[in-house]
Structures are given as C-alpha cells and as structure tokens.
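A.B. asks: Next up is a structure, given as structure tokens.
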Amino acid sequence: MFHPWPDSIVPVNGYAVLYSTFFVSNAGHARIGADTLKVFGLGGHTEETRLWWVRMFCVIFPTTSLAIYVLVRAPAQLILASGVMQAIMLPMLGFAALYFRYRRCDPRITPGRLWDVMLWLCAFGFLLAGG
C-alpha cells in the first residue's frame with residue numbers, strides 16, 4: 001500500500017538539499033576562482049581586489065549556469081555531461097594525490113605505509129570509477 005505523504009515531502013527535501021549544495025559550492029568555487037586569478041597574477045594582489053573577484057564570481061557562476069540551462073533545455077543531458085566530466089577528473093585527482101605525496105610532501109610529515117597503501121587503493125579506485 002502506498003502512502004500519499006512522501007509525494008509532498010520528497011520534493012521539498014530535494015529542493016532544500018540541491019539549493020544548499022548549489023549555494024555552498026558556488027561560494028567555494030568563487031573563492032577558488034579568485035585565488036586562482038591571484039596565483040596567476042591576474043586578479044590583483046590586495047585583499048580588497050580578491051574580495052571583489054569573489055563577489056564577481058558569485059554572480060558569474062550562477063548566471064552562466066542559468067544561461068546554459070535556458071539555452072540547452074535538457075536537464076538530463078546536462079546532468080549526464082556533468083557526471084562524465086567528473087569521471088574524467090577522478091583519475092587526474094588520483095594522480096595529483098600521488099604526485100603531491102611523493103614529490104611535494106614535507107619529510108617531517110611523511111605518512112606511514114598503511115596510509116600509502118590506502119592512497120594507492122584510492123587512486124586505483126578513481127581510475128576504475130573514471131574509466
């Protein structure tokens with residue numbers, strides 16, 4: 001027997017989860033974008049300039065997302081494309097983690113053998129999942 005109340009609760013909870021995820025990821029990506037500009041010498045060197053770029057990216061990213069949604073009009077295909085892009089990124093993230101562990105890690109904080117084994121397992125898992 002089916003109950004009618006989940007039909008009203010699921011969309012409300014889904015909206016809350018997706019909205020909060022979008023809100024938080026937009027804030028994080030705006031800061032990453034501003035920091036990236038600063039690292040490459042394109043975004044100025046003062047804290048005020050960095051904050052200006054954070055605010056600009058907080059407008060640019062959602063506006064771009066809305067424009068893509070309005071122009072493409074295929075949410076299922078957009079979600080699929082996003083998943084494919086994330087799958088492509090997984091092996092690169094695994095390689096980057098291994099690179100930083102073995103080439104950039106300070107010897108004073110070098111992790112133990114169990115950590116290394118788990119890191120290699122995760123990198124291999126990323127490769128499998130991305131494939």
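A.B. asks: Given the conditions (1) farther than 23 Å from Ile79 by Cβ; (2) over 16 Å from the mean Cα position of the chain (by Cα), report the number of the one that Ile9 does not fulfil.
C.D. replies: (1)
A.B. asks: Right, here's the next one. Residue by residue through the stretch 71-81, note down the ones that are loosely packed, with under 10 Cβ neighbours inside 10 Å and over 19 Å from Phe23 (Cα atoms).
C.D. replies: Leu71, Arg73, Ala76
A.B. asks: Out of everything in the stretch 20-63 that is exposed (fewer than 10 other Cβ atoms within 10 Å of the Cβ) and in a loop (DSSP other than H, G, I, E, B), what residue ends up being nearest to the chain's Cα centre (by Cα)?
C.D. replies: Filtering first and then ranking leaves Phe40.
Coordinate-derived values only; no laboratory data. Not measured: the values here are computed from a predicted model. Heads up, the Cβs are rebuilt from the backbone with ideal geometry, glycines too, and the neighbour counts pull from every protein chain shown.
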